[in-house]
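Peer 1: The structure's right below; bear with me while I get my questions together.
The values are calculated or read from the model by the stated rules, or taken from the named source; none is laboratory data. None of the values given here were measured: they were computed from a predicted structure. Please note: Cβ atoms are built from the backbone with ideal geometry, for glycine as well, and neighbour counts cover all protein chains shown.
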Amino acid sequence: MNRKSLKSYGEKSDKAMKTVMRLVRVAHILNNKTELFLSKYTLTFNQFKVLEVLYHRGNLNISSITKLIMGTPGNTTVIVRNLIRDELIESKKASNDNRSSILSITPKGVAIIEDIFPSHSNNLNEFLDVLDDNELKTLFDLLDKIYNKNKKD
């Protein structure tokens, strides 16, 4: 059924709603593409995000990781537990607070990220190769503007 809405909420509101829905659909396609790619390495997208954050940012506590991967505390705890079980990350008590732990990527985790990341980067480039350099910069700048106006610290 291809039904066009007869109800308008104003030209700018209608365009905003269509734009948000397009962003959601594009994000969904990208997420599916990434999940399929990572499944070849027996990693979930969330596991990959934790490994990637620790690889690029260094040792962090679970709260910092949760914020950076935009996860929930409960889900991040499960992801971390599974990555520790698989010996891809390790946990050590923080030197300044025995109640807190610092997570770090293991050599095995580093090897996996270094194996995956070049192909992952190529996949992202291919996903966006419909845009030229100026269009990609414009898209980034516009999304960054929206993000900075609406982010919650």
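Peer 1: Can you find, within the range 120-153, the residue that is farthest from N31 (Cα to Cα) among those that are under 16 Å from the mean Cα position of the chain (by Cα) and of a type in the set (S, T, Y)?
Peer 2: Y147
Peer 1: While we're looking at this one, here's another question. Let me confirm something: among L38, L30, L6, which residue is under 26 Å from T106 (Cα atoms) and of a type outside the set (V, I, T)? Spell out how you get there, then give the answer.
Peer 2: On the way: L30 fails: under 26 Å from T106 (Cα atoms); L6 fails: under 26 Å from T106 (Cα atoms).
Going through L38, L30, L6 in turn, just one is under 26 Å from T106 (Cα atoms) and of a type outside the set (V, I, T): L38.
Peer 1: Evaluate the following for L103: is it in contact (Cβ under 8 Å) with a residue 40 or more places away in the chain and either in a strand (DSSP E or B) or hydrophobic (A, V, I, L, M, F, W, C) (or both)?
Peer 2: Working: in contact (Cβ under 8 Å) with a residue 40 or more places away in the chain: yes; either in a strand (DSSP E or B) or hydrophobic (A, V, I, L, M, F, W, C) (or both): yes.
Yes, satisfied.
Peer 1: Got a number for residues in the range 69-103 being of a type outside the set (D, E, K, R) and in contact with a Lys or Arg (Cβ under 7 Å, 6 or more places away or on another chain)?
Peer 2: In the first step, residues of the range 69-103 are kept if they are of a type outside the set (D, E, K, R); the result is 69-80, 82-84, 88-89, 91, 94-96, 98, 100-103.
Filter once more, so that each one left must be in contact with a Lys or Arg (Cβ under 7 Å, 6 or more places away or on another chain): 69, 88, 101-102.
Qualifying residue count for the region: 4.
Peer 1: Further, regarding this structure: Does S91 meet the test of being among the hydroxyl-bearing types (S, T, Y) and at pLDDT below 95? I'd like the intermediate steps shown before the answer.
Peer 2: Details: among the hydroxyl-bearing types (S, T, Y): yes; at pLDDT below 95: yes.
Judged against the criteria, S91 is a match.
Peer 1: Based on what the data block shows, is S8 in contact with a helix residue (DSSP H, G or I) (Cβ under 8 Å, 6 or more places away or on another chain), more than 30 Å from L128 (Cβ to Cβ), of a type outside the set (F, W, Y) and free of Cβ contacts under 8 Å to residues at least 12 places away in the same chain? Spell out the reasoning first.
Peer 2: On the way: in contact with a helix residue (DSSP H, G or I) (Cβ under 8 Å, 6 or more places away or on another chain): yes; more than 30 Å from L128 (Cβ to Cβ): yes; of a type outside the set (F, W, Y): yes; free of Cβ contacts under 8 Å to residues at least 12 places away in the same chain: yes.
Yes: the conditions hold for S8.
Peer 1: Let me ask you something else. How about the range 1-58: which of its residues are β-branched (V, I, T), surrounded by 12 or more Cβ atoms within 10 Å (Cβ to Cβ) and not in a helix (DSSP H, G or I)?
Peer 2: Result: T44, single match.
Peer 1: Being farther than 16 Å from T42 by Cβ and crowded, with 17+ Cβ neighbours inside 10 Å is the filter here; which residues of the range 69-89 pass it?
Peer 2: Result: I69, G71, T76, V80.
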